[in-house]
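Written below as structure tokens is the structure these notes are about.
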Amino acid sequence: MPVLKNTRREKFAHASAKGNTVEEAYVAGDFKANRGNAAHLNANESVQDRVAEIQGKGALQAEATVERVLKELSRIGFSDLRRVFGANVRLLRPEEWDDDTAAAVASAEREGKEPTESAVAQS
């Protein structure tokens with residue numbers, strides 16, 4: 001279904017698709033508040049089709065977002081902090097980390113010029 005030619009109806013469809021009440025969507029579509037007219041517009045087949053299309057696109061985007069969130073959470077959940085340290089407890093530079101470790105680390109700090117056991121523990 002293409003974008004509705006009537007811009008006010010298109011705004012109404014978007015507001016409805018976002019979960020607004022029929023009356024709220026009607027006002028969001030730049031119409032003067034009127035419960036009866038709002039219900040009548042909501043019953044319009046082309047408007048209903050457009051709302052369904054917008055919601056379908058939103059569902060596809062939400063699905064991709066859920067997939068990404070699960071991927072990011074698994075990177076964090078299954079990460080191993082030991083991968084950011086090299087020989088002699090040297091904190092590796094971020095470009096030396098593998099992609100999953102880099103994605104799991106929000107920040108890393110080192111105290112002093114040379115790493116010590118206490119600095120490593122705090123990191």
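The values are calculated or read from the model by the stated rules, or taken from the named source; none is laboratory data. Predicted model only: the values in this text are computed from it and were never measured. Cβ sites come from the backbone with ideal geometry, for glycine too, and all protein chains shown count toward neighbours. Each accessible area value is taken on the protein alone, full model and side chains, heavy atoms only, with ligands, DNA and RNA left out. Shrake-Rupley method; radii C 1.70, N 1.55, O 1.52, S 1.80 Å.
Entry comment: accessible area of the chain is 74 Å² per residue, from protein heavy atoms only and a probe of 1.4 Å.
Within the chain, the longest run free of exposed loop sites, counting trypsin sites (Lys or Arg not before Pro) that sit outside DSSP helix and strand states (H, G, I, E, B) and have at most 10 other Cβ atoms within 10 Å, spans 33-112. Between amide H atoms placed 1.01 Å from N, distances below 5 Å from Leu91 occur with Gly86, all of them 5 or more places distant or on a separate chain. Pair-distance distribution of the chain: all C-alpha pairs, bin width 10 Å, starting at 0; shares per bin in whole percent are 12, 27, 14, 11, 14, 14, 8, 1.
For the chain, what does the relative contact order come out to in percent, with C-alpha contacts under 8 Å and a separation of six or more? Over the chain, the number comes to 17 percent. Evaluated over the chain, the count of Lys pairs having alpha-carbon atoms less than 20 Å apart is 7 (only pairs 8 or more residues apart or interchain).
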